[in-house]
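Scroll down for the structure; my scribbles are underneath it.
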Amino acid sequence: MALRQTIAIIGASEQYGAALAKALSAGPYRLLLMDPSGNGLAQLQKAIACEVPQADVEQLTCCREASWEADLILFALPFSERNHLINQMQEVVTRKTVVFILEQPQENALNILKQQLPYSGIITIAMYLPASAADSERLGFSDPEARNTATKLLQNIRFNEIIQSVNQ
């Protein structure tokens, strides 16, 4: 039996985080749901269990623990909330892919994140662009391997369809 890829979703209760968690739950993934507020995680986990009974989903209260256990980290919180969480996860995301969902334009976001997490593969996804934006416009990346990992994952879960449904 193949090992499941473990994905931490930091900000799982947020709009994009919850949509990604639901989409990923149907795949061969182990999901670690984390949200600093803790609000809505139990409800999200229950909704996923109803839709996909075989889903492997766990709630965690610590960003560091979720990031340490994960193979890939999806950061679905506003960019302004990243600093204290990045400080918690910094030591444990070396050589891991970290995907940041950007809901609003953030000047130099990729460069800032590369400085904060210099040993991680950083991907930024600009959600604020119009639906007609090409994937190459929407994605920013610091490492080609991380880009390939994130692109395959996003294609597998039909990311563009998820985004369109969230934005409607």
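Each value in this text was obtained by applying a stated rule to the coordinates, not by laboratory testing. Because the structure is a prediction, the values reported are computed rather than measured. Neighbour counts are summed over all protein chains in view; Cβ atoms, including those assigned to glycine, are modelled from backbone coordinates with ideal geometry.
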Wrap a convex hull around the Cα atoms of region 5-167, take a quarter of its surface area, and give that in square nanometres. 8.4
If you stretched the chain out fully between Gln43 and Asn83, how much longer would it get, using 0.36 nm times the residue separation minus the C-alpha to C-alpha distance? 11.7 nm
What lysines does Lys46 reach when the alpha-carbon gap must be under 17 Å and sequence neighbours fewer than 8 apart in one chain are set aside? Lys22
Relative packing of peptides 4-11, 47-54, 124-131 - highest average C-beta neighbours within 10 Å first: 4-11, 124-131, 47-54
Antiparallel bridge percentage (DSSP; both residues within region 23-168; nearest 5): 15
So how strong a dipole does the chain carry about its Cα centre when Lys and Arg Cβ are +1 and Asp and Glu Cβ are -1, to the nearest 20 debye? 220
Would you mind counting up the charge near Thr6? Only other residues with Cβ under 11 Å from its Cβ, with Lys and Arg at +1 and Asp and Glu at -1. -1
